[in-house]
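Below: one structure, written as structure tokens.
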Amino acid sequence: MKLDSSHRPWLIGTVVTIALAGVVYAIHAASAIECPRGDSAVGLVFGVLAAACLLFAWLLSARKRVLLLRVGTLTWWMRGHLWLGFLALPLALFHGAFAFGGPLTTVLMVLLIVIVVSGILGAALQHALPGVMTAQVPREHTYEQLDRMRWNLRQEAYELVVAACGPGVETEAERAALEAFAGHPPHEPKKITTVEGHQTLKEAYTLRVVPYLRGIENGASPLADSTQAVMFFDDLRPRLGPSLHPVASDLADICDEARQMVRQSRLHLWLHGWLWIHVPLSMALIVLMFVHAIMALYY
Amino acid sequence: MARDPGFIWHRVKLDYFRRRPPFRPVKFGLCIGCALLAAVWVTAGAIRSDHSAFSSGAMSAGHRMLADQCHKCHTEAWHSLRDVFGSSEADQAMNRACLTCHGASIGHDPSSAVAFHQASGVDQSSPEPWVGCASCHAEHEGPQRLSAVADATCIRCHENLTESLKTTPFHAQISGFDESHPEIRVLARREPDQAKIALNHRLHLSPLRGRDGSMIQMSCADCHRAGPASAPWPYGTPTRHESIDSLAAHSEPTLQSAYMTPIRYSLHCQACHELTVDRSGERIPERSVPHETPRTIRTFLRGRLTEFAANHPEAIEAAEKPPGGARFTLRELPPKEADRLRTEWVNEQVGLFERLIYIDGKTCTKCHEYGANRDADGLPVIAPPEIPYRWFAHASFDHERHRTIDCLECHATVGSSTATTDVLLPGIETCRACHAPRTGRGESAAGGVSTECALCHTFHRPPTGNIEQPTRSIRDLIGHVAPIGTKATVSR
């Protein structure tokens, strides 16, 4: 989510609330005989507010899942999730008077801190990374289709090379793999004319392009780096006949697209990986929060 | 010519969104797993009746053994919830739980479970506001000493006492051990020492001639020592006479190490001020009378003189011989007449000794006051000495902790005091020389010692009336009891 001007009211609201809460806490702490406590009237108000913020933030997932629940737009819920979730941390700190208390409350505070920090990190990444994605991955694909697109690229590269150089023992393994994936053999030309440098191209395809596209030497392959890839294909072209130069250029383009997919995967991991910490811990937090509320009132 | 990968709808599976991504079940399972883990953690403790996970903080050092026995103190369920709705029943129940263990040492009202303040009862028209134990002794704040109460707790009321009390005999506005703290009362009111005993400190601290003729230089510690002394007192000679002593005249029944051992004739005075009435020891073998009440002394004298009369009839015969009359012996007289003469002689001798003791100013009158007051038997009524054991009515002072300081550093006027009425207490400024915020450096440094209220003042009163017989066993304290709502059973 882009942190644009539409967040300004939420930002102002959050800052004002924290400032007000801080003033109330300071007055309460100054007038308290001992350390201010969570079970004082002011402490309880802070606790209830923090719990309400967390509940609202947690309801985002319900709003996402129950699409029929048309109470506010998803964008509005997301903004609320972001800012109220952030607000919960200072309110919880005021509630506990900046002390972590006993085992349950300590776990709660640690969870809350981890969740809020991961949320802030996630918001920052989601604000910044889409721009980076647009700049670095112009041929962005649907993330869920990346695997399929990688097979497509392998098939396209195979058909290009076979069309230019004809099938051979070197390409047999790749052909079998493609057939197994697609359920039918890849397209192969019926008439094959041998041209100058076809063996060199076939070797380059078999030894460098196929392993890279298969992903078995992603990091180590010279094709993983755009500069080295350019040098590789610049070195290859003079050794090929003029009719094979367009094929080499297409292979370079396919490798470039594969590189963008790798980059997209990596960026996607940054963009959504933090959720693997944020969401499960939020579930634990909500459960423990209710337990804490009940037991605190019980005792 | 650029490569043409073909139409996108040929390259992708158009129904991809219908398929659940492979990682989603994993993420869902992780969420459920975390929630379950949290639930299992808290319920496992609850099943084992161990609610320590729900503690709001570490227990104080003194209550550590109760860390996993929440129900020992939290006797009422939904305490905090009731607090929210303004009910004080749960607070009272918790107070009762405190008093279950501490009630034997803290004065309290059993019906309301309120611990009495030191000053309670001074002003009955404005009773103190209800104060729960936890108002001052906040538990679950870590392993600190729970009895160490912050100054703010005291100042809350004492900075404006008239807010909570209609009238108060105490200084109404005290905000700490600073200028707002009043001078020690007896000094502020310039009240004389009310002790009814004659004592000249200057004389006692001057070089004196002892009974054996040698010169003596007394020091403060010869008579004033904190706590029950183990070393012998240089001027005390505990003798056969000691059956009562001046302790009976003191209001404090117990000796505390913080306070000076009360002055006792047998410990502090007798070596020099023996109550000698018969230097020869002829009639009173002990030569002196015991330091007892006049009635006891009379009984003692009568006993010794009766013994003497029985063994020395010649003394009576000589005394009863009429002027110019014939000599006689007691044996010659009828027994009744002999007894009468013996009794008369003893009474006469007792009267002579009592005159020596009470009127001639050589023994009792040296120290005690009794004037012309006489009881029905004509014996002087000696005023109890009432030497103050504690000078501070509402504060305590630990002489033991101050023992490294020369007595005269604080009690500077002792060397010039000639009358009992002189109050030799140091003023509050003397205390502030140390008990004040640290100022200056090196030679000009001052203060730096704690100024906490609780250093001198304690909130609680000792219990009055019948002290409840403690009934708790060690197992009660360290063992487990059933949770709230179930029949309480102590595991043994």
Open item on the list: Among the residues in region B:40-53, are any of a type outside the set (Val, Ile, Thr), at the interface with chain A (Cβ under 9 Å from one of its Cβ atoms), more than 47 Å from the chain's Cα centre (by Cα) and on the phi < 0 side of the Ramachandran plot?
Closed with: yes
Open item on the list: From the list B:62, B:57, exactly one residue is small (Gly, Ala, Ser) and more than 9 Å from chain A (Cβ to nearest Cβ). Which is it?
Closed with: B:62
TODO: Scan region B:40-63 for residues that are open to solvent by 40 Å² or more (accessible area, probe 1.4 Å), of a type in the set (Ser, Thr, Tyr) and part of a loop (DSSP other than H, G, I, E, B) and report the count.
DONE: 2
Task: Selection count where residues are part of a helix (DSSP H, G or I), among the charged types (D, E, K, R) and open to solvent by less than 40 Å² (accessible area, probe 1.4 Å), scope region B:181-203 - done: 0
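Just give me the residues in region B:16-39 being open to solvent by 100 Å² or more (accessible area, probe 1.4 Å) and under 60 Å from the mean Cα position of the chain (by Cα), in sequence order.
Correct list: B:36, B:37.
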Open item on the list: Taking the conditions exactly as written (in contact (Cβ under 8 Å) with a residue 12 or more places away in the chain and either within 23 Å of residue A:163 (Cβ to Cβ) or within 14 Å of chain B (Cβ to nearest Cβ) (or both)), does residue A:281 satisfy them or not?
Closed with: yes
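Residue under question is residue A:249, and the condition is that it be open to solvent by less than 70 Å² (accessible area, probe 1.4 Å), without any contact (Cβ under 8 Å) to a residue 40 or more places away in the chain, on the phi < 0 side of the Ramachandran plot and part of a helix (DSSP H, G or I); does it hold? Walk me through it before giving the result.
Working: open to solvent by less than 70 Å² (accessible area, probe 1.4 Å): yes; without any contact (Cβ under 8 Å) to a residue 40 or more places away in the chain: yes; on the phi < 0 side of the Ramachandran plot: yes; part of a helix (DSSP H, G or I): yes.
It is true that residue A:249 is open to solvent by less than 70 Å² (accessible area, probe 1.4 Å), without any contact (Cβ under 8 Å) to a residue 40 or more places away in the chain, on the phi < 0 side of the Ramachandran plot and part of a helix (DSSP H, G or I).
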TODO: Among the residues of region B:406-444, write down those that are in a loop (DSSP other than H, G, I, E, B), open to solvent by 70 Å² or more (accessible area, probe 1.4 Å) and β-branched (Val, Ile, Thr).
DONE: B:413, B:421
Task: Residues within region B:138-170 that are in contact with a Cys (Cβ under 8 Å, 6 or more places away or on another chain), within 10 Å of chain A (Cβ to nearest Cβ) and either farther than 21 Å from residue B:95 by Cα or part of a loop (DSSP other than H, G, I, E, B) (or both), tallied - done: 5
Open item on the list: Just the residues that are open to solvent by 70 Å² or more (accessible area, probe 1.4 Å) and not β-branched (Val, Ile, Thr), please, taken from region A:184-210.
Closed with: A:184, A:187, A:190, A:191, A:196, A:199, A:203, A:207, A:208
Open item on the list: Taking the conditions exactly as written (under 19 Å from residue A:99 (Cβ atoms) and either open to solvent by 40 Å² or more (accessible area, probe 1.4 Å) or more than 14 Å from chain B (Cβ to nearest Cβ) (or both)), does residue A:30 satisfy them or not?
Closed with: yes
- [ ] Consider residue B:82 carefully, then state whether it is more than 30 Å from residue A:115 (Cα to Cα) and without any contact (Cβ under 8 Å) to a residue 12 or more places away in the chain.
- [x] yes
Open item on the list: Considering only residues that are farther than 13 Å from residue A:150 by Cα and modelled with pLDDT of 90 or more, which ones fall in region A:200-221?
Closed with: A:200, A:201, A:202, A:203, A:204, A:205, A:206, A:207, A:208
TODO: Check residue A:70 against each of (1) surrounded by fewer than 19 Cβ atoms within 10 Å (Cβ to Cβ); (2) within 14 Å of chain B (Cβ to nearest Cβ); (3) among the charged types (D, E, K, R) and name the one condition it does not meet.
DONE: (2)
- [ ] Can you tell me which residue among A:60, A:20 is open to solvent by less than 50 Å² (accessible area, probe 1.4 Å), farther than 30 Å from residue B:68 by Cα and either in contact with a Cys (Cβ under 9 Å, 6 or more places away or on another chain) or hydrophobic (A, V, I, L, M, F, W, C) (or both)?
- [x] A:60
Open item on the list: Can you tell me which of (1) in a loop (DSSP other than H, G, I, E, B); (2) more than 7 Å from chain A (Cβ to nearest Cβ); (3) within 30 Å of residue A:280 (Cα to Cα) is the one residue B:105 doesn't meet?
Closed with: (3)
TODO: Return the only residue of B:224, B:291 being at pLDDT 85 or above, open to solvent by 60 Å² or more (accessible area, probe 1.4 Å) and not basic (Lys, Arg).
DONE: B:224
- [ ] Evaluate region B:81-102: report whether one residue or more is open to solvent by 70 Å² or more (accessible area, probe 1.4 Å), more than 10 Å from chain A (Cβ to nearest Cβ) and touching a strand residue (DSSP E or B) at 6+ places or on another chain (Cβ under 9 Å).
- [x] yes
- [ ] Taking residue B:115 as meeting all but one of (1) within 12 Å of chain A (Cβ to nearest Cβ); (2) touching an Asp or Glu at 6+ places or on another chain (Cβ under 9 Å), write down the number of the exception.
- [x] (1)
Task: Answer from B:395, B:383, B:445, B:436 - the residue that is out of contact with any Phe, Trp or Tyr (no Cβ under 9 Å at 6 or more places or on another chain), touching a residue at least 24 places away in the same chain (Cβ under 8 Å) and either under 30 Å from residue B:286 (Cβ atoms) or among the aliphatic types (A, V, I, L, M) (or both) - done: B:395
Task: Residue list for region A:102-118, restricted to those being open to solvent by 40 Å² or more (accessible area, probe 1.4 Å) and either within 11 Å of another protein chain (Cβ to nearest Cβ) or modelled with pLDDT under 95 (or both) - done: A:103, A:106, A:107
Open item on the list: Can you say whether residue B:461 is of a type outside the set (S, T, N, Q), out of contact with any helix residue (DSSP H, G or I) (no Cβ under 8 Å at 6 or more places or on another chain) and farther than 30 Å from residue B:97 by Cα, as far as the supplied structure shows?
Closed with: no
- [ ] Collect the residues in region B:1-31 that are more than 7 Å from chain A (Cβ to nearest Cβ) and either outside any loop (DSSP other than H, G, I, E, B) or of a type in the set (Phe, Trp, Tyr) (or both), keeping them in residue-number order.
- [x] B:7, B:8, B:9, B:10, B:17, B:18, B:23, B:24, B:25, B:26, B:28, B:29
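The values are calculated or read from the model by the stated rules, or taken from the named source; none is laboratory data. All values reported here derive from a predicted model rather than from experimental measurement. Reconstructed Cβ throughout: ideal geometry from the backbone, glycine too, with neighbour counts over all protein chains shown. Protein only, heavy atoms only, side chains kept; ligands, DNA and RNA dropped before computing areas. Shrake-Rupley method; radii C 1.70, N 1.55, O 1.52, S 1.80 Å.
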